[in-house]
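The structure under discussion appears below in the form of structure tokens.
The values are calculated or read from the model by the stated rules, or taken from the named source; none is laboratory data. Bear in mind that the values here come from a model prediction, so they are computed numbers and not experimental data. Neighbour counts run over all protein chains shown; Cβ positions are idealised from the backbone, glycine included. We work out accessible area using only protein heavy atoms, side chains counted, and drop any ligands, DNA or RNA first. Shrake-Rupley method; radii C 1.70, N 1.55, O 1.52, S 1.80 Å.
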Amino acid sequence: MSDAPSKQLSVESGAVQAQPGKYLTFAVAGESYGVPVLAVREIIRLCPITPVATMPPHVRGVINLRGRVIPLVDLRVRFGLPAAEDHDRTCIIVAQVAAAAGGRRAYAVVVDGVEEVIGFTADDLVPAPDFGGAVDIRFITGMARRSSGVTTLVDLDAVAAADRLPEPAA
């Protein structure tokens, strides 16, 4: 059996549900979040960021990573949290997400710091709570219970897909 979490669609809701496996956990605004470790390609220190005109506030711009130009999103701002100054633990997680044209593409997110790689069992995982429709949970695949609290599991494919522009009408 693989340690890799896989995505599963819930027939009732259409939402992606977290699966047991290994996750990279990281901090954003003092809270713990996680993404499947196999989606992560690398973790790098902050590097020069090239702003791109007319981008929404959560898109910081692009980075040049060994000749590849990769979009960079600030997860704090994307999640509706106040922006913060970068510090010595601020880093970039480079992941692979679903591309609009099929396949996978590189996508980078700025986080306040990386915590650890941890394995979550099925007993650790619970669905995202029902906030009564007042909270947008489309980026949350579930919650993982830990001795130190709760880690919110994030679907980076959904985060990246939300930034796509609608196809122009023919």
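Odds and ends about this structure:
- Checking each residue in region 79-97 for being open to solvent by 30 Å² or more (accessible area, probe 1.4 Å) and under 25 Å from G21 (Cβ atoms) picks out F79, Q96.
- Scanning region 10-33 for residues that are open to solvent by less than 30 Å² (accessible area, probe 1.4 Å), under 24 Å from P127 (Cβ atoms), in a loop (DSSP other than H, G, I, E, B) and hydrophobic (A, V, I, L, M, F, W, C) turns up at least one hit.
- Here V37 does not qualify as more than 18 Å from the chain's Cα centre (by Cα) and surrounded by 11 or more Cβ atoms within 10 Å (Cβ to Cβ).
- Taken together, R138, R145 contain a single residue that is open to solvent by 60 Å² or more (accessible area, probe 1.4 Å) and assigned to a loop (DSSP other than H, G, I, E, B), which is R138.
- Matching option when the condition is touching a helix residue (DSSP H, G or I) at 6+ places or on another chain (Cβ under 8 Å) and open to solvent by 40 Å² or more (accessible area, probe 1.4 Å), among V117, V110: V117
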